[in-house]
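Visitor: Structure below; questions to follow.
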Amino acid sequence: MKRTFKKYLSHARCYFNETTAYKIQLLASLLWYPIMLGLFAMLWNIVYTLRGDNLIGGLTLTETLIYFGLVRALIYIRIGKTKTSRVIIRGRLDYELIRPTYYFIKSCLREFVKSLVQFAAALFFFFIISLIFGWKVQTNIFSLILFLISIMLMFLLSYVFAEIMSILTFWFKSDNPFTWLFGGILRFCGGELVPLSMLPLWFATINNYLPFKYMIATPIYIYLNKYPILESLQQVGLQFIWIIILFLILSIIWNKGLKRYDSQGG
Amino acid sequence: MDKRVISVKNLKKKFKVPIKTKSNFIHKIIEIFYKKYETKEILHGINFEVNRGEFIGYLGPNGAGKSTTIKIMTGILIPDSGKIDILGFNPSKQRYKYTFNIGAVFGHKSLLWYDIPVIESFKLYKDVYELNEKEFNERLNFFIDKLKLDKYLHIPVRKLSLGERMRCEIAASLLHNPKIVFLDEPTIGLDVVAKEEIRNFLRTINKKEKTTIILTTHDMGDIEELCKRVILIDEGKIVYDGDLDKLKAKYVKSKEIKFEFTKLKKKQEFDKLIKQFEIIEKTGNYYKLKIDLTKFDVPKIVKQIMDSCEVIDLNITEPKLEAVMREIYKHQDKIRKQT
């Protein structure tokens, strides 16, 4: 067990070194966060002023800004595309298959480490900006713990979903058509573009049966304390159930895909 | 020495390949929505066995099925049918445990991490293969000594030359002291010095550690230097499995005699003798002749040369394996056309 843990920890170290190898690239992506947040703040200020309402979709202007502040941070760990497609196309899966490691653990770890630095930095910016502008929400320790758990589950769920799209490369030679299509749907249905509570009820009803909102909006609404405690627990439970369902689908597709794998090159 | 480590029986593999259509614009548009495929059988029932400590050359022209066989043996590809037993494992079904026992190098792909120093990749593989500090340091020192790695250990892989990278690749794939090593074009694109160093290293681990090595390459120099046994594959079928020397004996149709003399003893006899052969090179008293083995007996000719002039140097050479392989491929092509 200890040796197995060490094996993946060692991978995490290499992924970290790899991510930080190009420091300018990393710095540029970090600076993007406050710029984006500034633009969103300007836009929603105009919307609230024009509407003349204090509440839109049950959210005050401050809550909307917190919502988008968190969205911009969380999208760093909301995985939209994994490296697996390229690994398959370029035949690099060969080396993955001849090592005593489990591919999905490594792949998940790679995506996590890759996004962790940017996510942590964005979250840091978010709390600094919250302090400067006095953005406060009525929350409690229980909601905060659930918020952190929900973020982890959100990451896992989006990873499994993106990995399913990636391994379709075994059949379609690329995951681009799926990441484009589902990326758009995910952005809208997940609540990245507009807070879900601002959308019509019929849409919310359908959306409840899809996995997308659990990949971004759920942890934010938990943080904003918009769910009663029981509903928050239920939302986290649903995230977990979706991970299990999608992971089973991923395993089935992976095993079928490996039979089709032709290992390009050589 | 004779313990069987690999047993491959009736191995078959098919791939779906797109059918080539006309390359005009309309066909390209149609292909976006509908592409025709055909099933191509890459391996037609391969059979062979390998004993512990053997160094085998697995040869064949492009597209013969060499890499496919290697990839099935490493567990990367799953065969359509047939039985494969390597060290008691079924490679694709017992992948996790099996991979502790094998190492592989694919010359055109890298197992090292591109952006980080070589030593970091080695440390990663130390943990991947669950080696302790002592085992790791011993192996690392062995590689540093044999492959002269000390200069490259702290340099990111992207900054290494191909030869330097390949030495590191081989070290990384053998770090865990695997029982069987699969090498797919390990010396591709390397200069003479790098090739020689890698060949020496492979020879050492094969002899000292009794590591079984399966080598696939188009470089016949590698085969001649390293392999005693060769398996020849063509169009997914094994066409030869045996000693390299016997293969040469079977297909070598000519030899070369090079000699130099100081003066002629019997000029008429010498001229008559020389006329019978193809002269490849002649400089003063130096001759290089091609002897057709189907018509002439080499020892007899050597005696006639010695009798007719005062020889100061004489050498008999066989054609390079590359020429032998060319003959074999031509022969296979001929059979294909006939059938």
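Visitor: When you go through B:189, B:242 one by one, which is the residue that is of a type in the set (Gly, Ala, Ser) and touching a residue at least 40 places away in the same chain (Cβ under 8 Å)?
Guide: Every option except B:189 fails the conditions.
Visitor: Next question. Residue check, residue A:231 against (1) away from every other protein chain (no Cβ under 14 Å); (2) touching a residue at least 12 places away in the same chain (Cβ under 8 Å), all met but one. Which one?
Guide: Looking at each condition in turn, residue A:231 falls short on (2).
Visitor: Same structure, new question: When you scan the stretch B:13-61, how many residues do you find that are surrounded by fewer than 17 Cβ atoms within 10 Å (Cβ to Cβ) and either among the small types (Gly, Ala, Ser) or without any contact (Cβ under 8 Å) to a residue 24 or more places away in the chain (or both)?
Guide: Summing the residues that are surrounded by fewer than 17 Cβ atoms within 10 Å (Cβ to Cβ) and either among the small types (Gly, Ala, Ser) or without any contact (Cβ under 8 Å) to a residue 24 or more places away in the chain (or both) in the stretch B:13-61 gives 23.
Visitor: A further question follows. On the basis of being surrounded by fewer than 21 Cβ atoms within 10 Å (Cβ to Cβ) and either part of a strand (DSSP E or B) or not hydrophobic (A, V, I, L, M, F, W, C) (or both), does residue B:239 make the cut?
Guide: On the way: surrounded by fewer than 21 Cβ atoms within 10 Å (Cβ to Cβ): yes; either part of a strand (DSSP E or B) or not hydrophobic (A, V, I, L, M, F, W, C) (or both): yes.
For residue B:239, the condition - surrounded by fewer than 21 Cβ atoms within 10 Å (Cβ to Cβ) and either part of a strand (DSSP E or B) or not hydrophobic (A, V, I, L, M, F, W, C) (or both) - is met.
Visitor: Taking residue A:54 as meeting all but one of (1) surrounded by fewer than 16 Cβ atoms within 10 Å (Cβ to Cβ); (2) modelled with pLDDT of 90 or more; (3) not in a helix (DSSP H, G or I), write down the number of the exception.
Guide: The single condition residue A:54 does not satisfy is (2).
Visitor: Looking for whichever is in the same structural domain as residue B:130 (by TED's automatic domain parsing), more than 24 Å from the chain's Cα centre (by Cα) and β-branched (Val, Ile, Thr) here; the options are B:17, B:8. Which one fits? Before you say what the answer is, go through the steps one by one.
Guide: Details: B:8 fails: more than 24 Å from the chain's Cα centre (by Cα).
Result of the check over B:17, B:8: B:17.
Visitor: Taking the stretch A:1-37 as the region of interest, how many residues are over 24 Å from residue B:176 (Cα atoms), free of Cβ contacts under 8 Å to residues at least 40 places away in the same chain, aliphatic (A, V, I, L, M) and in a helix (DSSP H, G or I)?
Guide: 6
Visitor: Of the residues in the stretch B:226-244, how many are over 10 Å from the mean Cα position of the chain (by Cα) and within 16 Å of residue B:207 (Cα to Cα)?
Guide: Number satisfying all stated conditions: 2.
Visitor: In the stretch B:68-78, is there at least one residue being within 12 Å of another protein chain (Cβ to nearest Cβ), surrounded by fewer than 22 Cβ atoms within 10 Å (Cβ to Cβ) and modelled with pLDDT under 90?
Guide: no
Visitor: Taking the criterion of being within 14 Å of chain A (Cβ to nearest Cβ) and either within 20 Å of the chain's Cα centre (by Cα) or in a helix (DSSP H, G or I) (or both), would at least one residue in the stretch B:139-156 satisfy it?
Guide: no
Visitor: Would you confirm, using the coordinates I've provided, whether residue A:113 is among the β-branched types (Val, Ile, Thr) and in a helix (DSSP H, G or I)? Break it down into steps so the answer makes sense when it comes.
Guide: On the way: among the β-branched types (Val, Ile, Thr): yes; in a helix (DSSP H, G or I): yes.
Judged against the criteria, residue A:113 is a match.
Visitor: Here are the criteria: (1) under 22 Å from the mean Cα position of the chain (by Cα); (2) exposed (fewer than 12 other Cβ atoms within 10 Å of the Cβ); (3) within 14 Å of chain B (Cβ to nearest Cβ). Tell me which single one residue A:8 does not satisfy.
Guide: Only one criterion in (1) under 22 Å from the mean Cα position of the chain (by Cα); (2) exposed (fewer than 12 other Cβ atoms within 10 Å of the Cβ); (3) within 14 Å of chain B (Cβ to nearest Cβ) is unmet by residue A:8, namely (2).
Visitor: Looking at the stretch A:169-176, is at least one residue more than 29 Å from residue A:6 (Cα to Cα), in a loop (DSSP other than H, G, I, E, B) and away from every other protein chain (no Cβ under 14 Å)?
Guide: Checked the stretch A:169-176: at least one residue is more than 29 Å from residue A:6 (Cα to Cα), in a loop (DSSP other than H, G, I, E, B) and away from every other protein chain (no Cβ under 14 Å).
Visitor: Only one of B:301, B:279, B:305 is over 28 Å from residue B:247 (Cβ atoms) and in a helix (DSSP H, G or I); which? Steps first, please.
Guide: Working: B:301 fails: over 28 Å from residue B:247 (Cβ atoms); B:279 fails: in a helix (DSSP H, G or I).
Selected residue: B:305, the only one of B:301, B:279, B:305 that is over 28 Å from residue B:247 (Cβ atoms) and in a helix (DSSP H, G or I).
Visitor: Conditions first: (1) closer than 30 Å to residue A:260 by Cβ; (2) surrounded by 22 or more Cβ atoms within 10 Å (Cβ to Cβ). Residue A:154 passes all but one, so which condition is the exception?
Guide: Of (1) closer than 30 Å to residue A:260 by Cβ; (2) surrounded by 22 or more Cβ atoms within 10 Å (Cβ to Cβ), only one is false for residue A:154: (1).
Visitor: Same structure again: Suppose we filter B:117, B:91 for residues that are buried (at least 23 other Cβ atoms within 10 Å of the Cβ), over 29 Å from residue B:327 (Cα atoms) and over 15 Å from the mean Cα position of the chain (by Cα); which single one remains?
Guide: Working: B:117 fails: buried (at least 23 other Cβ atoms within 10 Å of the Cβ).
That would be B:91, the only listed residue that is buried (at least 23 other Cβ atoms within 10 Å of the Cβ), over 29 Å from residue B:327 (Cα atoms) and over 15 Å from the mean Cα position of the chain (by Cα).
Visitor: Here is a follow-up. How many residues are touching a residue at least 40 places away in the same chain (Cβ under 8 Å) and away from every other protein chain (no Cβ under 14 Å) if we restrict to the stretch A:234-266?
Guide: Step one: list which residues in the stretch A:234-266 are touching a residue at least 40 places away in the same chain (Cβ under 8 Å), which gives A:235-236, A:239-240, A:242-243, A:246-247, A:249-250, A:253-254, A:256-258, A:260-261, A:263-266.
Next, only the ones that are away from every other protein chain (no Cβ under 14 Å) stay: A:235-236, A:239-240, A:242-243, A:246-247, A:249-250, A:253.
The qualifying residues number 11.
Visitor: Regarding the stretch B:316-337, can at least one residue be identified that is among the acidic types (Asp, Glu) and at pLDDT 85 or above?
Guide: Looking through the stretch B:316-337, none of the residues is among the acidic types (Asp, Glu) and at pLDDT 85 or above.
Visitor: To continue, here is another question. Of all residues in the stretch B:191-214, which are at pLDDT below 95, under 14 Å from the mean Cα position of the chain (by Cα) and not charged (D, E, K, R)?
Guide: Result: B:198, B:202.
Visitor: Is at least one residue of the stretch A:87-104 more than 14 Å from chain B (Cβ to nearest Cβ) and surrounded by fewer than 20 Cβ atoms within 10 Å (Cβ to Cβ)?
Guide: The answer is no; no qualifying residue exists.
Visitor: State which residue is nearest to residue A:259 (Cα to Cα) when the search covers only the stretch B:83-122 and only residues that are without any contact (Cβ under 8 Å) to a residue 12 or more places away in the chain and at the interface with another protein chain (Cβ under 7 Å from one of its Cβ atoms).
Guide: B:96
The values are calculated or read from the model by the stated rules, or taken from the named source; none is laboratory data. Predicted model, so just to flag it, every value in this text is computed and none were measured. As a convention, Cβ positions derive from the backbone with ideal geometry for all residues, glycine included, and neighbour counts pool all protein chains shown.
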